[in-house]
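Let me begin by presenting the structure, written as C-alpha cells, before commenting on it.
The values are calculated or read from the model by the stated rules, or taken from the named source; none is laboratory data. Worth saying up front: this structure is predicted, and the values here are computed from it rather than measured. Here the Cβ positions follow ideal geometry from the backbone for every residue, glycine too, while neighbour counts run over all protein chains shown. Areas reflect the complete protein model, heavy atoms only, side chains present, ligands, DNA and RNA absent. Shrake-Rupley method; radii C 1.70, N 1.55, O 1.52, S 1.80 Å.
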Amino acid sequence: MLISAFISSKQLRSSFNKAFSKKGSKSGPYADIEEIATPESSAPSSPKVTIIGDIPQQPMKSSASASSAGLCEGDDAADDKVVTELRSELWEKERKLTDIRLEALSSAHQLEQLQEAMTNMQRTVENLKTENDKLKTADVHSADSLSLSTQRDDHRVRVVVCVADLRVFKDEAKPHDFFIGTVRVNGRMDWVMLDSAVSQAFKVYIAKVDPTSSLCLSTDSVFSYSMGHIKRVLGGEAPETQPSRCMSRGPTGITVALKGLKEKCVDSLVFEALIPKPMMQHYISLLLKHRRLILSGPSGTGKTYLASRLAEYLVDRSAREITDGIVITFNMHRQTCKDLQLYLSNLANEIDWETSTSEIPLVVILDDIHDPVSISELVNGALTCKYHKCPYIIGTSNQPVKMTANHGLHLSFRMVTFSNNVEPANGFLTRYLHRKLMESEDEKSLTNEDLIRVLDWVPKLWYHLHTFLEKHSTSDFLIGPCFFLSCPVSVDEFRSWFIDLWNHSIIPYLQEGAKDGVK
C-alpha cells in the first residue's frame, strides 16, 4: 500500500508539471487562454477562465497565472513532506520486519538445537537403561551365587542359657540349660556381630516369656557365652579364631552365662526363678539384713520354690564348701515343733562352743508352717546364740499372719506376703507356660495360633477360679498358679489333660472350698 501511494503521488506531481509547464507553438495573448479553455466540458465554475463577453480581460490572465504558480509550489512542498514521511515509515517498518525475521530465524535455530539435544538425551537414557538391565542381570546372578554360597556356609546354632547347679538340693530335679533360640553363623561373621546376634536372641526370648516387663532384664544381663572351647566375654578382647572356624570343628552350640554374684547382680537368679528383678532384689535385701524371713500366701504360689532358690543364692554367696548339711529343711507338716526346738537348741550349743563352721548349716528352711507366730517364738527361744552367727532361716506358710502388738514376730522375722492378685504370683503361670513352649524347640508350635491362645487362656481360667474361691471360700482353699504347671504345650494333648484335671482335681477342690465357705 505504501508503494502504491508513493507511485500515485509521483503520477500526480508529473501531471501537474505537464499541465503548467507546456509551451505551445502559438504565440500571442490568446495562446494560454485557448489551451485552458479548449475543453468544453470544463466546469462553468472553474476558476481558471473568466470570460466577459467576447473580449477577455487582461488583468485576469495575470492573476490566474500567478495563482497557478503558487499552487504548484505549495503542492510540491507538501508532496515532498508526505513522501519523506512515507519513506521514513517504510524504512522503520522494514527494519522491524527484518528484526522479526532475524528473531524467527534465531528461534528456529534454537528449536533445532533443542530437538537435537533431546534426541541425544533420549539415546543416552536408552543406553543407560540397557546397561542398567545388564547390571541387574549380573547382580541377580552374583546375588544368587552369593546366596547359594552363604547357604552352604550358614550354620544354625542353638543358644542356651546355662544356670549353675550347686547341687545343694540333690533330690531336686531342675533344668540347667534353657533353650532361648538359634542364631546364624557364617564365614563373614566376626565376634562383634555374633555378640549382637546372641544378645538379640536373649532379648527376643525374655520378651516372649514375659510380654509385660521382660522380667526387667535386658541385653545387659548377658555376661559371656561359650562356643566350643572358646569363651567370649561381651565387650572384652575378641578371640583370634573366627566364629566360623569353631563350627568347622564339628557341631556345637552357644552357651550363655548371665550376670550373677561375681558381677554383683541377680540377673541369673531372676532368669531361673521367673520373678521380676526388683522383687528378687527386695527379698535378698531383707534376708541379708535380717537373716530371718517368712514367705506367706496361698498354696501353690511358689513359696517353697523361691525359698530353695534363695537358699542356693546364700550358699553361692558364702563361697563355703557344699556339704550335705549346708542347707537343712524341716517340713513342719511331717515334723513336730518339739523336733525343731531340740534341733535348734543343739545348734545353738554348737555355735557357742565355736564348732567348725563347716559343720553348722548356713540356711535352715522351715516349710509349711501352720502357726508363724508360735514358730517365731520357738526360734527366738531356742537360738540364744549370737545373732550374726546364727544360720539364715527361711519359712513358708499357707496361713495369713496377723500382726499384733503382743508377739515379737516383727522383731525377729520379716514377712513377705504372696497374693494371686499381684506379682510375682499373678504373672508366674504365664511366664512359666511361655518358657515351656520355648523349651519345646518346635517351630510349628511357636507359630501355632491355636496353641498360643490355649496357653494364654489357662492363666485367665486360673484367675477366675481364684476369684471364685476368694469370694465363696476361706484362705485355706485358695488355688495357686502351680495347679496348672503340668499343662502340655500341644493342642491335642491339652484336651485330654484339661478334662482329666477339671473332673478329678478342680471340681472336687471347688466343692470342698464352697463347703468350707458355707461353714
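Please work out how much length the chain gains when fully extended from residue 158 to residue 440, using 0.36 nm per residue of separation minus the C-alpha to C-alpha distance, in nm with one decimal.
Values: separation 282, 0.36 × 282 = 101.52 nm, distance 1.29 nm.
Using 0.36 nm per residue and subtracting the Cα-Cα distance, I get 100.2 nm.
Which ³J(HN,Hα) values, rounded to whole Hz and listed in residue order, are derived for the stretch 485-495 from phi using the Karplus coefficients 6.51, -1.76 and 1.60 in 6.51 cos²θ - 1.76 cosθ + 1.60 with θ = phi - 60°, glycine and proline given as x?
3J(HN,Hα) across the stretch 485-495, in whole Hz: 5, 7, 4, x, 9, 8, 5, 5, 6, 4, 4.
Among the listed pairs 436/471; 174/386; 174/338; 208/515; 264/289, which are separated by more than 28 Å between their Cα atoms? Intermediate values should be presented prior to the final figure.
Working: 436/471 31 Å; 174/386 35 Å; 174/338 32 Å; 208/515 40 Å; 264/289 16 Å.
Flagged as over cut-off: 436/471; 174/386; 174/338; 208/515.
Ratio of the stretch 246-320's C-alpha Rg to 2.2 N^0.38 Å, to two decimals?
Ratio of Cα Rg to 2.2 N^0.38 Å: 1.41.
I want to make sure I understand the PRE zone here: with the label point 7 angstrom from the Cα of residue 457 toward its beta carbon, which residues in the stretch 476-491 have backbone N atoms less than 20 Å away?
481-491
Could you derive backbone 3J(HN,Hα) for the stretch 373-390 from the dihedral phi with the Karplus parameters 6.51, -1.76 and 1.60 (θ = phi - 60°), listing whole Hz in sequence and x where the residue is Gly or Pro?
5, 5, 5, 5, 5, 4, 5, 5, x, 7, 8, 9, 6, 4, 4, 6, 9, 6
Under the 0.36 nm per residue contour assumption, what length would be gained going from the current alpha-carbon distance of residue 417 and residue 192 to full extension?
Full extension of this stretch gives 76.6 nm more.
Let's test the formula: R0 of 45 Å, r as the Cβ-Cβ distance of residue 107 and residue 76. What FRET efficiency results, to the nearest 0.05?
The formula returns an efficiency of 0.45 here.
Could you tell me the distance between the Cα centroids of the stretch 271-339 and the stretch 115-137, to the nearest Å?
With the stretch 271-339 and the stretch 115-137 each reduced to a Cα centre, they are spaced 77 Å.
Determine the order of 495, 156, 292, 167 by accessible area, beginning with the largest, at a probe radius of 1.4 Å.
Final ranking, largest accessible area leading: 495, 156, 167, 292.
Taking R0 as 51 Å, what FRET efficiency do you get between residue 289 and residue 184 from their Cβ-Cβ distance, rounded to the nearest 0.05?
That pair, residue 289 with residue 184, gives E of 0.60.
Figure the gain on full extension for residue 399 and residue 476 (residue separation times 0.36 nm, minus the Cα-Cα span) and round it to one decimal in nm.
27.0 nm
Just to verify a number: FRET efficiency for residue 509 and residue 240, C-beta to C-beta distance, R0 = 51 Å, to 0.05?
After rounding, the FRET efficiency stands at 0.25.
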